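Written below as structure tokens is the structure these notes are about.
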């Protein structure tokens, strides 16, 4: 079966996204973004906001949030979820279809966030640089940029052959049961991984549909990220190893960089 469609370009994977990641340790990140937003004390810009998993909780306490994403499928889910919120929350959220490498908004923010490894979809150095420079233009003087990327595991990078993923089974939309599995290949020379994802969707009547998709990411190391942020004019204030804001260590699952734009 051909699997050349990026999962974020497929309408069905947008529909199943929240179901797939519910209960995932990496989606226990919302309290961190809420705390950073509280410290910022103003509007927040979330890049690659997807289905508004983070965007909506950020807006509920009373702050304005702009969510930007290039996937119309993901934004359609976000708007559907937003329709279930109260009028006051809906009024505080602006959803924008756009590319995080090249966007222009009529606002500057005290905080920009890029959660859930979204920065890692930028495979080329030029794309990474363009994104960071665009963030700098949209931050107020002294504003902060917070980026979460996963901390690469040496055991996965040095595994012989592909790393098997799953299987996992979870309830999906419209009463469908989804069985997910896949494998990931690591390209060490280019610091990339390519995951092949297989979804078996079984309806309540027993009919099964199978689809496969690809996802390619760049994986970062600590000093690579720090150097890139500094080269783009940021001062790295903190590096956390998890969503509880513990200090980064060798066995930390995450690398959460908080970088500040100079005051002048």
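The values are calculated or read from the model by the stated rules, or taken from the named source; none is laboratory data. This one's a predicted model, so the numbers in the text were calculated from it and none came from an experiment. Virtual Cβ from ideal backbone geometry, glycine too; neighbours counted across all protein chains shown.
Scan segment 199-227 for residues that are touching a residue at least 60 places away in the same chain (Cβ under 8 Å), surrounded by 17 or more Cβ atoms within 10 Å (Cβ to Cβ) and over 28 Å from residue 172 (Cα atoms) and jot them down.
218, 219, 220, 225
Taking interchain pairs and intrachain pairs at least six residues apart, which have beta carbon atoms under 9 angstrom, with the first residue in segment 86-104 and touching a residue at least 60 places away in the same chain (Cβ under 8 Å) and the second surrounded by 14 or more Cβ atoms within 10 Å (Cβ to Cβ) and outside any strand (DSSP E or B)?
none
Residue-by-condition table, conditions (1) farther than 25 Å from residue 22 by Cα; (2) modelled with pLDDT under 95; (3) over 21 Å from the mean Cα position of the chain (by Cα); (4) assigned by TED's automatic domain parsing to the domain that holds residue 110:
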| position | (1), (2), (3), (4) |
| --- | --- |
| 134 | yes, no, no, yes |
| 162 | yes, yes, yes, no |
| 169 | no, yes, yes, no |
| 174 | no, yes, yes, no |
| 203 | no, yes, yes, no |
| 235 | yes, no, yes, yes |
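Kindly list the number of the only condition in (1) crowded, with 20+ Cβ neighbours inside 10 Å; (2) over 22 Å from residue 197 (Cα atoms); (3) out of contact with any strand residue (DSSP E or B) (no Cβ under 9 Å at 6 or more places or on another chain) that fails for residue 77.
Among (1) crowded, with 20+ Cβ neighbours inside 10 Å; (2) over 22 Å from residue 197 (Cα atoms); (3) out of contact with any strand residue (DSSP E or B) (no Cβ under 9 Å at 6 or more places or on another chain), the lone unmet condition for residue 77 is (2).
It is to be established whether one or more residues within segment 229-242 are touching a strand residue (DSSP E or B) at 6+ places or on another chain (Cβ under 8 Å), within 20 Å of residue 14 (Cβ to Cβ) and surrounded by 12 or more Cβ atoms within 10 Å (Cβ to Cβ).
No: zero hits.
List pairs: first residue in segment 20-40 and in contact (Cβ under 8 Å) with a residue 60 or more places away in the chain, second residue surrounded by 14 or more Cβ atoms within 10 Å (Cβ to Cβ) and part of a helix (DSSP H, G or I) anywhere in the structure, Cβ distance under 6 angstrom, at least six positions apart or on different chains.
Here the result reads 27/21; 37/58, each pair linking segment 20-40 to a residue that is surrounded by 14 or more Cβ atoms within 10 Å (Cβ to Cβ) and part of a helix (DSSP H, G or I).
Run residue 159 past the list (1) in a strand (DSSP E or B); (2) free of Cβ contacts under 8 Å to residues at least 40 places away in the same chain; (3) over 21 Å from residue 223 (Cβ atoms) and report the number of the one that doesn't hold.
(1)
Output the number of the condition that residue 111 fails; it satisfies all remaining conditions of (1) at pLDDT 95 or above; (2) within 18 Å of the chain's Cα centre (by Cα); (3) under 28 Å from residue 15 (Cα atoms); (4) part of a strand (DSSP E or B).
Tallying (1) at pLDDT 95 or above; (2) within 18 Å of the chain's Cα centre (by Cα); (3) under 28 Å from residue 15 (Cα atoms); (4) part of a strand (DSSP E or B), residue 111 fails exactly one: (3).
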